[in-house]
Amino acid sequence: MGFIIRPLITEKMNGITEKQNKFGFVVKPEANKLQIKQEVEALYGVNVVAVNTCLYAGKNKSRYTRSGLIKGRSNAFKKAIVTLKEGETIDFYSNI
């Protein structure tokens with residue numbers, strides 16, 4: 001267990017959630033769809049219909065500052081979009 005890092009809460013993901021009953025998570029790159037499905041069902045007590053995954057590569061970033069050019073790299077990550085059974089939902093804000 002422990003493949004889910006955090007839920008993905010963005011404006012775009014909230015729109016997809018409202019229209020299509022899909023929820024996004026940032027997961028570990030080595031996690032497969034079956035492991036993600038089992039963990040979401042165990043953590044949130046819902047029935048998962050489908051899991052779609054996408055790997056994102058890290059990107060090079062640079063910015064100009066007073067002391068010169070600073071270069072860095074954003075992290076690579078894997079995103080999972082989970083489709084739930086009709087009528088079920090996940091409330092990410094219940095623990096706040």
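Where a number appears in this text, it was derived from the coordinates with a stated rule and is not lab data. All of these numbers come straight from a predicted model, not from anything done at the bench. Please note: Cβ atoms are built from the backbone with ideal geometry, for glycine as well, and neighbour counts cover all protein chains shown.
Side notes on the structure shown:
- Judged by the mean number of other Cβ atoms found within 10 Å, the most tightly packed of the peptides 36-46, 63-73 leads the ranking 36-46, 63-73.
- The sum of -39500 (n - 2.57) across all DSSP H runs of n ≥ 4, divided by the residue count of the chain, sets its helix-only mean residue ellipticity at 222 nm to -7000 deg cm²/dmol.
- Electrostatic bookkeeping for Ile16 treats Lys and Arg as +1 and Asp and Glu as -1; over the other residues with beta carbon under 13 Å from its beta carbon, the sum is +2.
- Once the Cα atoms are used to define both axes, helix 11-20 deviates from the longest principal axis of the chain by about 20 degrees.
- Folded to 0 to 90 degrees: helix 33-44 orientation relative to the chain principal axis, Cα: 70 degrees
- Straight-line cross-link reach from Lys85 at under 28 Å between alpha-carbon atoms covers these lysines, not counting any fewer than eight positions away in the same chain: Lys12, Lys19, Lys22, Lys28, Lys33, Lys37.
- For region 4-84, a crude dipole built from +1 on the beta carbon of Lys and Arg and -1 on the beta carbon of Asp and Glu, taken about the Cα centre, is about 620 debye to the nearest 20.
- Under the Karplus curve 6.51 cos²θ - 1.76 cosθ + 1.60, θ = phi - 60°, whole-Hz ³J(HN,Hα) for region 62-72, x wherever Gly or Pro sits: 8, 8, 9, 10, 4, 7, x, 7, 10, 10, x
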